[in-house]
Structure formats: structure tokens, C-alpha cells
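Each value in this text was obtained by applying a stated rule to the coordinates, not by laboratory testing. Predicted model only: the values in this text are computed from it and were never measured. Cβ placement follows ideal geometry from the backbone for every residue including glycine, while neighbour counts extend to all protein chains displayed.
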4 protein chains.
Amino acid sequence: MAKSKFEYVRLFETEDRCLPNSWIVVRVDGKGFHKFSTEHDYEKPNDLRALSLMNNAAMSVMEEFKDICLAYGQSDEYSFVFRKETQVYSRRSAKLSTNVCSLFTSAFVYYWSEHFPTSKPLYPPVFDGRTVLYPSNQNIRDYLSWRQADCHINNLYNTTFWALILKAGLTPVEAEQKLKGTLSGDKNEILFSQFSINYNKEPEMLRKGTILVRRKVPIALPDGGTREKSQIVQQHTDIIGDEFWNENNHLLTIS
Amino acid sequence: MAKSKFEYVRLFETEDRCLPNSWIVVRVDGKGFHKFSTEHDYEKPNDLRALSLMNNAAMSVMEEFKDICLAYGQSDEYSFVFRKETQVYSRRSAKLSTNVCSLFTSAFVYYWSEHFPTSKPLYPPVFDGRTVLYPSNQNIRDYLSWRQADCHINNLYNTTFWALILKAGLTPVEAEQKLKGTLSGDKNEILFSQFSINYNKEPEMLRKGTILVRRKVPIALPDGGTREKSQIVQQHTDIIGDEFWNENNHLLTIS
Amino acid sequence: MAKSKFEYVRLFETEDRCLPNSWIVVRVDGKGFHKFSTEHDYEKPNDLRALSLMNNAAMSVMEEFKDICLAYGQSDEYSFVFRKETQVYSRRSAKLSTNVCSLFTSAFVYYWSEHFPTSKPLYPPVFDGRTVLYPSNQNIRDYLSWRQADCHINNLYNTTFWALILKAGLTPVEAEQKLKGTLSGDKNEILFSQFSINYNKEPEMLRKGTILVRRKVPIALPDGGTREKSQIVQQHTDIIGDEFWNENNHLLTIS
Amino acid sequence: MAKSKFEYVRLFETEDRCLPNSWIVVRVDGKGFHKFSTEHDYEKPNDLRALSLMNNAAMSVMEEFKDICLAYGQSDEYSFVFRKETQVYSRRSAKLSTNVCSLFTSAFVYYWSEHFPTSKPLYPPVFDGRTVLYPSNQNIRDYLSWRQADCHINNLYNTTFWALILKAGLTPVEAEQKLKGTLSGDKNEILFSQFSINYNKEPEMLRKGTILVRRKVPIALPDGGTREKSQIVQQHTDIIGDEFWNENNHLLTIS
């Protein structure tokens, strides 16, 4: 069996190493999740079970890849930020995106029943993935700000849209019509005057999305003492302003 | 909320369109499946449940992507061949590899219980993925021959290795020692003389792997007539020689 | 002098090997040659000195790179076709484009005075370069057809345009206006009826561009015998139809 | 003439935009200049005419590309640093490398006679080019330090090597033998004790290479006043330490 005669085909594989000293983001995105969420009776505008399943899947990814220093999720997407100096998979772009994407998907299906105990997915859900590089600290902060601003804009819209449908009895087409061209202030006003909803008092997880970071936490020892252990914690806070970054200033310094 | 101010970060995403008029292969590979197979009590040298689960996951991928004209699987890997002219995802490399890889993984977990009814995976299994281009028909045939030759070499080794352990009582180290430096003929001889196994009579799925192709099959109509329908069929035949390609000559001609 | 401390910066260089088994074309294009040709009093519509200088520069490139099997030039551009199997510079894209581009430029300046004996260039002329891959024989033929069709279209236009200006006394704006929306037949008709020019009798170098190929030519030996030697020859013939390729069928077969 | 039928071949060209917000370096390197310098009787260890011709060619490049903020040259190579934010040629890698490389080559031939008045090059000289990205200020400084350290190491070696040949009458093989395994201190010692050469007093252009930067210089006006004008100036100073960067701190800040 002349194996060697065929081995030349390996030369057709291409190198795809990421530029050194740059932040590597792998973002996974649900494929066709508008349809998927409808078919699986996701609650509107937000389904807490679905969000906690997303967070669970993201935790699995972050536990596996120690070089992910921060993850940010909202809706059906999650961004994983590898530290600038990571050498995981020799920084090969496709290795990073497919491994993260596969593990995220796998965990999503695997942990489904813990979050949706009464049903099984109707078919295997899919997430796509991409690798993007950001050279500077400002760039990676702006990337995360972009995603959090997107979260805010979509969630304010969806909260108003579904209030109009579920509470005011509008059809989706009527609700869309009503919101066309409205600014943030308009939507806040509709929520408050028509539904007595103060948008700023909505749960932070919905308004801000979920940030995963590693935190040193004290662990009680049998002898009564404590030791520190690194643990992944969830936060739902603003990451656009400086406060988060001042409190987590290790994130943007070379470790 | 100044969304626009952050949107510039999209410019950091790169184009990765595959060269036109070239075969696109996406190969998925189990991550750490040596360990995974041990932890999940895969039968040795081959676990038919695991192979049928792999084939099931591959069928899901091929049903979703109509432009995959052939898939080839063996052990914990599967290669998906997109036809040369495909425009799926504008031929973007990362889109193709992450979507195929995510769906394969998802289906693998989703259909697990149909093939392993008595147990659940201990943790979410992972597959990585890569996209490789092959310009000519000879190149894509050689790629597939490479994978099938690999299947043959590994399966002959594993069959002998595990016969020595399970039937002759050798330890893994002893079995490895005994096989060191042996040629195919030697292993065939060990199997036959020591275990009365004629390797060439072993199941073809194990010796050849699994080929998935689309086939027109006749469907009975209520009125007693028939019509043709495209269906994915499994084969376990040689794809190194010309016979398979002569019988499936539509595969290598532009459709 | 701690050299080693800085050497890590080499890791920032990226691999750019071309896909194997594909035609590699390097095309060089004059930068700002509309202006350059005016400033250097190129004759209109075609300056035979400029074209022979272009051909001279291209010959230099082809003499240096034995793996260029064909070159095609017209106007201020030249395409160099490396054979599919070439391993020059390990098929690195930037190495190929910059070396070809630099040598072409260098020869253009170096041989200038042989073609323009009475003047020196006013400033250093520049050509840019690019590397493009074509997987199949049909693709590379279509690429060359594209360039030759471009040559035809531009030359027919320019011939008519400059006849209107130089022989009929129109201004450039008037000539442009007159040709707006005309088809090939219209331009042929203008040339014939107004200027008694039968376009098809114009020199082939202008209508077809220049093809450079290697040809075995007999060399007379001192003893009265002959031996064959490979030599680069210029042709000005159609490369869109099959005839050229039938006569040069070695070009498209693996050597 | 069916042009459109062939135009599809343009789709085979690939995108190669450089990551935004990163320093872009284009380095040109003489091809076969060891041989070229011998054939053209370059003085050893350094030929001032050749170095001034290199600088002249680099000035031409820097005058053309306003977004080159610094250039560094030594021996037969020159590095051009584009500012991080440049949008020249939409940051397309091949466009940048081929244009810079072509102009550098063109100017080298064009201005040859101004530096070597009594001879013509024996054949067209060639430079290759490459584009490399550096994300951070530290990276770009380290890149330039790498090249200047290289200049130092090579020039110290060459100065000693040629002193041994030209002044002590050794053959090249003997000189090489004598220097094998020597450290910088050893070479300084040989130069001083054997040839009374204090290496640190050698011309800075030879020891440090040439830095080109833009400087605002006062221009006298007819009315007796002055105005500032940006001009390219040559320096031969250390760029490894902080001093140069402190004096030119505009280089590393966003303009």
C-alpha cells in the first residue's frame, strides 16, 4: 500500500498563523437562531434558560483554554479573547476558531437538558466561528464596546417590540411599524408611559450581556486557613467605560 | 449610545475566500479521541457504535450542505468534499470549516444516545476542522487515496495489536514491541497463523472506511409509477483504484 | 550587542506560498503611464520604441526565470506565466512578484537608451506587480484571452481616437464624444470610410500584443552539423483560439 | 470580441489588506549583491558611492510615499516604515511591496551614473521586497534595532576581514579562519593592535547605517521672513537606545 505516493497532498495545506503580539478574538454566532429560538419556544424578548445555557457553554470553553482571559456573550453570540501572547495551537487561525466553535457547540447540546429539562432540541444546533486580530488595547476595548453597544441597542428594541406585542396586543408588523425610525429615548418613553417599565431597571444580564473573567477567590482549607484559586466568574456590567478596565487592569497588561 | 464609533473594528476582519475552480475539502478530526475512546469503553480495535455515530453525524452535514458531493470517514475523522464550483458562503474558508465542524460536533452529541443507548458522554467531545484546496481531479483523488491508505495501515496495525492483547494475552508494551518494524505481510501472517484471521475477510467498513455519495434512487408513487430521488448512500469500497471513479464519473465532471 | 534579543521580530513575517499545482501569473503594470507616455512624447496611438523596450524588459525577465513558459505583453503591462510545477522561491507569492517586478523595471530603465537613443527618462518609471493563481488549463487560457481581448478593444479604440485627432483635426473631447457608445463595427467603419484604414491590416503587434515563448532552434556547429538550443521568440498571433495552443501543446502538458 | 466571457478570471485575484493599526514595513534587499558588488569593483569593506546611491534611491521612495515616516538602510538593503494609519493602496500588501521595490530599483539604475560616473552597470540590478506588520511601538523599534544590530555586526566583521586582506596580506580563506569564533572585543582588538584602527572612530554611516526622517526646516522667504517646510534628512545615529526616539517622539505617536 503505497502511502507515501499520496502524502504530497499535505503540501496543499496552508499556514495561517496569527500575527504575534495581537489580541485574538474568536467569536461564535448561532446559525439561524431566529428560527431556532421560535421553534424551541424561547421566551420573548429574552429567554433566561437560553442565556444561561449560552453562559454554560462559554464557561466550558474558558475552562479548556486557559489563555482566554475574557469572554463576552449576548443573544446567540459569544466572543472569546485570547491574551496577546498566547501560543495555543501556534496561533493557527483555523485551529483556534474550529476548536472553540466545536467545543462551544458540543457543550451547548451537552448541557441543554440542564437548562431546558422538559424538552430535547428538535435538531442539532449550529454555531459558526471566526478569528479576528486586534493589535492594540484600545482596539480590543473598542471591539468589546461594539458588541456591548449592539447588545444594548438590540435589547432595548426587542424589549419594546415584544411589550407592544405581548402587552399591547399589536401584531409583529404593527410593532415594527411603530418602532420604525424611533431613537433610544423614544423607546424608553414607550416602555415607561405605556408599560410602566423603567428600562434602566431591567436585569443587567439583559442590558449588558455577560462578561466572563478569571478571579482569584479564597478557598477554605481543612486546617482552617485559606488559599487562593483562580475561578471563572460571571459579571453583567458596563465594559464600555473605564471603570471595569481599571478594576481589571491585569487584563490589558502583559502577563 | 455611540454604536458607530466602535463599528470600525469590523475592518479588522479579513477576507479568506478560497481560490475559485478548486476542490474544497473540509476535514474534521476528533480532538483527544484516543483518550475519549478509552474513557467511553470503545470496543477494540473498532467500535461499531462509534463508527455508526460518526457516519450519522456526517450524514447530517451532507444533508445540510447540498454542495458536498462526497464524504469519506474513518476512525475519528471525516473529510467533506465540496464540488469545485460551490459558492456556499462565498467560498469563505473559515465559514466553511466552522459551520461543517460545528454541525458535525452537534450531531455527534445529539445522536449519541441512538448509538450508545446506555450511557451519556462524560464531557462534551470536540472536533477540529480545516479547509484545504485541491486544484485538479488527480489531486482530490490522491487526497482521498491518502486518507484511505491511512485507514488501511492503521486498521491492519490495530487489528493485529489488539488480537495480540485480547487473544494472546500480551501487554500493550509487548504487543507494540512485537509489531515494531513489521511490514503489512508480516501482520497479515501473524493474524492468520496465530489467530486464524484472514484480514481480507474483515468487514469492509473497517478496512476501507465509509464513503458517502448521493445516488438517484427510484421512489414508488401512489399511482404505481416511480420517480427518482437523490439520496445519500454509504459505501465501503476501494476509492484508490479507478473502478469507483468510473462508476461515479459524474463526481469529477463539472455539474 | 544583543542581536538575539531583537531577532524575534522575524516571527512577524508571514508565509505566502502559492497553492501547488496551479498556474502562477505575475503581471506587471506601468504606474501612471498615461502621464509618463505623454511626458516622454510617445507616438500615438502606439509608440514602437516603447513597445520594443517593453518586450526587451520582458525578455530579460524570461531569461532569468527559466520556469516562465510564456509571457504576454500589450500597452504598459506584461504577464509572466510560471509553469504549474515551478518551485522557484518555494512558490512564495511576494518573492515572485517583487523579483519579477524589480527585474522588469530595472531592465526597462537599463535598456531605455537602446530604444530611445536621444533622450533620458525624466524620472524613474515604476511598475507594480501582482501574483494570481489559475488552477486549470482553461483558466490560464481564459486569463490570457482576457488580456488579448483587452488589447484588441483598447487598440481599436485608440487607433480610431487618434486618427480622429491627428488626421481629422478633432479635439480629444470631440473624439471621445464621437466614439461614445460605438461598437467595434462602428470603429472599423470610421477607420475605413474616413481614413482608408483597414484595421485588420494594421501591424499584428499592435492588434494582438506580444507573446514570448521558448522555442528549440537549430544551431550550426563548427563540424557542419547542428544541435538544438532553446531560445525565446516573439510572436504576435491570436492566443484566444485553439490554433496557437495546438501548435504549442507542450505548454499545457506537465513537463 | 467577447471580452465579458473572460472577465471572470479577475475573481481569482485575492485580497491582501494589511491588518489596520499596525506598522507596515517594506524591506528591499539586493538580489545577489555579493556577486554584483565584486563585478562592479565596489571598494571593500565599504563603497561610499554604492551607499550614497542606495540612499539616493531611498530618498526617491520616501519623496513619493508621504506616509513613509522613517527609512533605514545599510549594506544592500533598505527598510521603509509606513505610519500605522496609512491607507495607501488600501494597505494592500502586494501593491505596497511591488511599488516600493520597483521605484527603489528604478531609481537605483536611474541615478547610477551620478554616483558611478565612469561606468555603466553590467546588467540590470534586482532588489526583492517584502511587507511585514508590527503591531506595537516596541515591535517596530525592535525591528529597527534588529537591522541596526545586524549592520554593526556585519560592518565590524567586514572591516576586520578586509583589513587582514588588504593591509596584512592574508588570503580570504586565511582571514575567515582567523576570525572564526571571535567576539566583538577580539575584532576591536585586532583592528587596534594590528592596524591602529579605533573602530569607534570609523564613520558613523558605516557603523550605524542611514536613517531617513522628515524634518521641518526653515525656508527663507523673499520678504525676509521664513516658513517651515518638511524635508527628508539623513542621519547616521543610534536608533537602538531611547535618545533618538525621545528626540523624534512624533514618530511613535498617532499623527
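Chain C: longest stretch without exposed trypsin sites (Lys or Arg not before Pro) (DSSP loop, at most 13 other Cβ within 10 Å), sites themselves excluded? Could you put the intermediate results ahead of the total?
Working: sites that count: C:K3, C:K5, C:K66, C:K167, C:K180.
The segment C:67-166 is the longest one with no such site.
Roughly how tilted is helix C:184-195, in degrees to the nearest 10 and between 0 and 90, from the longest Cα axis of chain C?
Once rounded, one gets 50 degrees.
When each copy gets a label point 7 Å from Cα toward the beta-carbon at B:E63, what are the spacings between them in nm, shortest first?
3.1, 6.6, 7.0
Which value in deg cm²/dmol, rounded to the nearest 500, describes the helix-derived mean residue ellipticity at 222 nm for chain A, given -39,500 (n - 2.57) per DSSP H run of n ≥ 4 and division by the residue count? Before the final figure, lay out the partial values.
Values: 9 runs with 106 residues, N = 255.
The per-residue figure over chain A is -13000 deg cm²/dmol.
Which value, in debye to the nearest 20, describes the size of the charge dipole of the protein assembly as shown about its Cα centre when Lys and Arg Cβ atoms bear +1, Asp and Glu Cβ atoms bear -1, and nothing else is charged? Could the numbers behind the result be given before it?
Values: 124 positive and 124 negative charges, 1 e Å.
Dipole size: approximately 0 debye.
On alpha carbon coordinates alone, what is the Rg over Rh value for the range D:38-182, Rh being the Kirkwood radius?
On the way: Rg = 17.8 Å, Rh = 17.3 Å.
Taking Rg over the Kirkwood Rh, I get 1.03.
With point charges of +1 on the Cβ of Lys and Arg and -1 on the Cβ of Asp and Glu, referenced to the Cα centre of chain C, which listed residue (C:V26, C:G169, C:Q138) lies farthest in the positive direction of the dipole?
It is C:V26, whose Cα lies furthest towards the positive end.
Give the angle, between 0 and 90 degrees and rounded to the nearest 10, that separates the Cα long axis of helix A:93-110 from the longest principal axis of the Cα atoms of chain A.
The answer is roughly 50 degrees.
Work from the charge dipole of chain A (Cβ charges, +1 for Lys and Arg, -1 for Asp and Glu, about the Cα centre) and give the residue of A:F6, A:H152, A:L191 farthest towards its positive end.
A:F6
Compute the normalised compactness of the range C:209-255: alpha-carbon radius of gyration over 2.2 N^0.38 Å, N being the residue count. Walk me through the numbers before you get to the answer.
Values: Rg = 13.7 Å, N = 47, 2.2 N^0.38 = 9.5 Å.
So the Cα radius of gyration is 1.44 times the expected 2.2 N^0.38 Å.
So which residue, out of D:V61, D:V126, D:V233, gets the largest mean-square fluctuation from a GNM of chain D using Cα contacts under 10 Å as springs?
Sorting by GNM fluctuation, first place goes to D:V233.
Can you compute the equivalent ellipsoid semi-axes for the range C:146-196, i.e. the square root of 5 times each eigenvalue of the Cα gyration tensor, sorted largest first and rounded to whole Å? Kindly include the intermediate steps, with their values, before the conclusion.
Details: eigenvalues 67, 28, 20 Å².
Computed over the range C:146-196, the values are 18, 12, 10 Å.
Placing unit charges on C-beta atoms (Lys and Arg positive, Asp and Glu negative, everything else neutral), compute the dipole magnitude of chain B about its Cα centre in debye, rounded to 20.
With Lys and Arg at +1 and Asp and Glu at -1, about 620 debye.
Given the protein assembly as shown reduced to its alpha-carbon atoms as identical point scatterers, what log10 I(q)/I(0) does the Debye formula return at q = 0.05 Å⁻¹?
-0.44
In 10 Å bins starting at zero, report the fraction of Cα pairs in the range C:149-255 per bin as a rounded %.
Result, from short to long distances: 12, 32, 22, 17, 12, 5, 1 percent.
Give me a comma-separated list of calculated 3J(HN,Hα) values for the range A:114-125, in order, Karplus coefficients 6.51, -1.76, 1.60 applied at θ = phi - 60°, integers in Hz, x for any Gly or Pro.
With coefficients 6.51, -1.76 and 1.60, one gets 6, 10, 10, x, 9, 9, 10, x, 6, 7, x, x Hz.
Report, for A:N249, each distance to the same residue's label point in the other copies, shortest first and in nm; define the point 7 Å along Cα→Cβ.
Reported distances to equivalent positions: 2.0, 7.4, 7.7 nm.
Please name which of B:F82, B:F36, B:G181 has its Cα lying farthest along the dipole of chain B towards the positive end, using unit charges on Cβ (Lys, Arg +1; Asp, Glu -1) and the Cα centre as origin.
Projecting each Cα onto the dipole axis, the largest value belongs to B:F82.
Which residue, D:L164, D:L122, D:L11, tops the fluctuation ranking in a GNM of chain D built on C-alpha contacts under 10 Å?
Of the options given, D:L11 has the highest mean-square fluctuation.
Once the Cα gyration tensor of chain A is diagonalised, what are the square roots of 5 times its eigenvalues, in whole Å and ordered largest first, as equivalent ellipsoid semi-axes? Intermediate results must be reported in sequence, preceding the final value.
Working: eigenvalues 249, 125, 80 Å².
Those come to 35, 25, 20 Å.
What is the Cα convex hull volume of the range A:8-55 when expressed per residue in Å³? Before the final figure, lay out each step's value.
Numbers: hull volume 7.6 nm³, N = 48.
In the range A:8-55, the Cα convex hull volume per residue is 158 Å³.
Give, to the nearest whole percent, the P(r) tail of the range D:44-107 beyond 20 angstrom, counting all Cα pairs. Numbers along the way, then the final one.
On the way: 530 of 2016 pairs.
I get 26 percent for the Cα pairs in the range D:44-107 exceeding 20 Å.
If you line up the Cα atoms of the range C:8-115 on their principal axes, what length do they span on each, largest first, in Å?
Each principal axis gives a Cα extent; for the range C:8-115 these are 49, 32, 21 Å.
7 Å along Cα→Cβ for the label point: how many nanometres lie between A:L166 and each equivalent label in the other copies, listed shortest first?
5.4, 7.9, 8.7
Return the long-range amide H neighbours of B:I232 (sequence gap of 5 or more, or a different chain), with a cut-off of under 5 Å between placed amide H atoms.
When sequence neighbours closer than 5 places are left aside, the close amide H contacts are B:R215.
Of C:K44/C:K95; B:K5/B:K66; C:K31/C:K208; B:K167/B:K201; D:K5/D:K66, which pairs sit farther than 29 Å apart, going by alpha carbon to alpha carbon?
Listed pairs above 29 Å: C:K44/C:K95; B:K5/B:K66; D:K5/D:K66.
Provide Rg and Dmax in Å for the range B:97-224, with only Cα atoms included in the calculation.
That works out to 20.1, 65 Å for Rg and Dmax.
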